[in-house]
1. Of all residues in region B:85-113, which are open to solvent by 50 Å² or more (accessible area, probe 1.4 Å) and at pLDDT 90 or above?
2. Look at region A:54-69 and say how many of its residues are part of a helix (DSSP H, G or I) and open to solvent by 30 Å² or more (accessible area, probe 1.4 Å).
3. Please work out which one of (1) open to solvent by 70 Å² or more (accessible area, probe 1.4 Å); (2) within 12 Å of chain A (Cβ to nearest Cβ) is the condition B:Arg127 fails and give its number.
4. Name every residue in region B:195-218 that is outside any strand (DSSP E or B) and out of contact with any helix residue (DSSP H, G or I) (no Cβ under 7 Å at 6 or more places or on another chain), in order of residue number.
5. Which condition does B:Phe278 not pass, out of (1) closer than 30 Å to B:Val349 by Cβ; (2) aromatic (Phe, Trp, Tyr); (3) free of Cβ contacts under 8 Å to residues at least 60 places away in the same chain, if it passes all the others?
6. Residues of region A:120-129 being within 9 Å of chain B (Cβ to nearest Cβ) and either part of a loop (DSSP other than H, G, I, E, B) or open to solvent by 20 Å² or more (accessible area, probe 1.4 Å) (or both), which ones?
7. Pairs needed: first member in region A:42-53, part of a helix (DSSP H, G or I); second member anywhere, at pLDDT below 90; C-beta distance under 7 Å; at least 6 residues apart or different chains.
8. Going through B:Val188, B:Val166 one at a time, which residue ends up being over 17 Å from B:Gly100 (Cα atoms), in contact with a Gly (Cβ under 6 Å, 6 or more places away or on another chain) and either open to solvent by 10 Å² or more (accessible area, probe 1.4 Å) or touching a residue at least 40 places away in the same chain (Cβ under 8 Å) (or both)?
Amino acid sequence: MDLYPLYLTIKVSFTATVFTVAFGFILAWVMAKREFFGKAVLDIVIMQPLVIPPTVLGYYLLGAFGRSSFLGRFLEDAFGLQIVFTWKGAVIASFISSLPLFVKPARAALEGVGSELEDAARLLGKTELQVIKDITLPLAWRGIVAGAVMAFARATGEFGATLMVAGNIPALTQTLPIAIYDAVQAGDAQTANVLVGVITLFSFIVLYIAGRFTKGRF
Amino acid sequence: MDLGFDIRKSYGEFRIDVSLSLNEDLLVLFGPSGAGKTLILKMISGIVRPDEGSVIIGTEKVFDSKTGVEKPIRERRIGYLFQDYALFPHMTVFENIAYGVNAKQGGADAKVKELISLTRLTGLEARYPRELSGGQKQRCALARTLASEPRVLLLDEPFSALDYQVREKLRADLLRIHDAYPITTILVTHDLEEAFMLGRRIAVINNGRIEQAGLREDVFYRPATRDVARFIGTRNIFTGTVAGLGDGQVIITNPDLGVIKAFMPEGRGPAIGSEVSFCIRPEEILVIRPDKVLDSRVQDNIIEGEIVSATGKGSTQSLFLKVGKGDTLLKVELPNFVVRKLTLAIGRVIRVSLKRENIWVINR
């Protein structure tokens, strides 16, 4: 049996989660700790992937990264980077769709660290980075890890947007959910059953881990 | 280190406008809840930015709206004790205190140990804040603040979350620690007893403004305004008309109390015929025993009244006397044993003396 879809899914999801956590942490911190004009609008934009159909999201991404777009052409001309119909496209699709699942719990966790504790550290002469490292992160890490696990799980299950942006090219962009779809279409029940089993078990484990992290608090 | 500030900030209708300067001493900022006391501390420390004004520590301007100077919180070197202490919940007592020590200086461990013994936390070093009592948390927060060697110490209602018995002990602790580390300190409280016990200097704040600032004795016995007199528990505040003046005293008439004589330093006398307020603290009023022959010292300001209510308060009793024909009540505070000995029960008519030197005339 072809295990490439499993390998690709893990590679795509892992890469996407790294971007989600790095970029999402900054977003979550800014949303939790700063007041600025347009905050409500930014919040709605970040949460969009939760509610719009994945195909619509994929359509937007195609428009943004396709060869006919400015960004797509720029990336290809300047860096030789091709997004559409490559595994990188799948990473971007997973990254965007899992971002809100990370930002929401991470933001709540960061907000949960009272400003008084952070002010107390500042009063002791600590810089903003020290405050984040010594106070905010140690008190909010459970929510952040839980968010990262959720984001990873969402990325492994990404289907619609990935299909639009990366396509369904066996041994190139065919991730696990797409491979399941393919197997069902081809009437290959055995492959479909195994893949479905793998992904179901995986989802159970992920939610269990996420639950463990969100429970205990200081 | 001297501290001076002159700051203004508006929140809709509420406006804070205060200026004060103090040196290496303990100043109590006393006033009712909602007077803006905490906000003043937050503006000095940089947690809240004033609309305008300046904050000066020593010779360094840490905030000045005119020149645009605004030092970040971490550079002000101000110690701040939050009302609920803000201990770091993921650090032990030792780690909390050590976090305040500047890493660049050596001997951090020795310093933490010294502070732990100073604040009576020996043996609790490995505990987490959730495993401490209220009083221990407060002392741990104080030790953490002192560890950072602040130039100024701001204490926001440091005893309000503690039991009565613990409070008394910790107040004594605070004075002892202040003697060991004589840092310019502002302590905020709405507790009258605490203000009196801790503040050599007191600033009475109301509605965002300083009503009076000065030595404890001045504020308590010579209130500048009726509001101050009210806040410091004077309770017996009356108005009257000036009928005579001279020989270091003033004669005031009040429909219920009659003719009242009070000492009045030369030079600050109000005009004859003008209306003034005057007050006397409940514990300064003397009860005249029925069988006693009056001596000359207490012949002035003898007032007769009927006891209409009595409330006990630990070691003392507060009696309210109805005097005159109106509804003027005079509050008299007496030790319990005096009340028992003279059998002062509700319904009895007694005579009291308001000694001239205990009456304070409020000019404004």
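1. B:Phe94, B:Glu95, B:Lys113, listed by residue number.
2. Total satisfying the criteria: 9.
3. It fails just one condition, (2).
4. B:Ala195, B:Asn207, B:Gly208, B:Glu217, B:Asp218
5. In the conditions (1) closer than 30 Å to B:Val349 by Cβ; (2) aromatic (Phe, Trp, Tyr); (3) free of Cβ contacts under 8 Å to residues at least 60 places away in the same chain, B:Phe278 misses (3) alone.
6. Correct list: A:Arg122, A:Leu124, A:Gly125, A:Lys126, A:Thr127, A:Glu128.
7. Partner pairs satisfying both residue conditions: none exist.
8. Exactly one residue qualifies, and that residue is B:Val166.
The values are calculated or read from the model by the stated rules, or taken from the named source; none is laboratory data. Since we're looking at a predicted model, the values are computed, not measured. Glycine gets a Cβ as well: all are built from the backbone with ideal geometry, and neighbour counts include every protein chain shown. Protein only, heavy atoms only, side chains kept; ligands, DNA and RNA dropped before computing areas. Shrake-Rupley method; radii C 1.70, N 1.55, O 1.52, S 1.80 Å.
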